[in-house]
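Worksheet: one structure, shown below.
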Amino acid sequence: MLGTAAFSRRKPAPTAPIIEMQRGDAMQLQFSREELNMVVQVLQECRLPQPAAGFRDTLLDHFIERNLQSSCDELEALGDILAQEHRQVHDQLARVTDASWKHALQVKESLLQHMLDRVIEASAMV
């Protein structure tokens, strides 16, 4: 049985990744182009110990190809990576005094929170 759920508050990207769970269910997790680019950037910049780095490398390959078929563990790893980045951006916001830099960080934090919420929701539905 194939179940599909779309999570999008914005117009979905034309090449939205599909997360295919190991037990055969599929869940569509849609990101805008801006979100896809941010996920790629976050995955490229994060440094993780093994085995999380293996999940990161696999996810990065899939996001770059815009063809995401991942296990539940990889989806959970994506959530962990996004949560880690969100915490780092939140901590930076507390220290920044420059208004333009603060605004850029607030936009990034909001986007990360939006993506993280959708990944958590997708994880909960599995």
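Here are some notes:
- Looking across the stretch 88-102, the residues that are in a helix (DSSP H, G or I) and surrounded by 12 or more Cβ atoms within 10 Å (Cβ to Cβ) come down to Gln88, Val89, His90, Gln92, Leu93, Trp101, Lys102.
- Qualifying position, being over 18 Å from Ser123 (Cα atoms), touching an Asp or Glu at 6+ places or on another chain (Cβ under 9 Å), modelled with pLDDT under 80 and surrounded by 13 or more Cβ atoms within 10 Å (Cβ to Cβ), among Ala53, Ala13: Ala13
- Unmet criterion (only one of (1) buried (at least 17 other Cβ atoms within 10 Å of the Cβ); (2) at pLDDT below 80; (3) in a helix (DSSP H, G or I)) for Ile19: (3)
- Residues satisfying the stated conditions in the stretch 61-110, i.e. within 10 Å of the chain's Cα centre (by Cα) and of a type in the set (A, V, I, L, M, F, W, C): Phe63, Leu75, Ala77, Leu78, Ile81, Leu82, Ala83
- The C-beta contact set for the stretch 106-126 (first residue assigned to a helix (DSSP H, G or I) and among the basic types (Lys, Arg), second residue at pLDDT 90 or above and surrounded by 15 or more Cβ atoms within 10 Å (Cβ to Cβ), distance under 6 angstrom, 6+ apart or interchain) comprises Lys108/Val89.
The values are calculated or read from the model by the stated rules, or taken from the named source; none is laboratory data. Bear in mind that the values here come from a model prediction, so they are computed numbers and not experimental data. Glycine also receives a Cβ, built like all others from the backbone with ideal geometry; neighbour counts cover every protein chain displayed.
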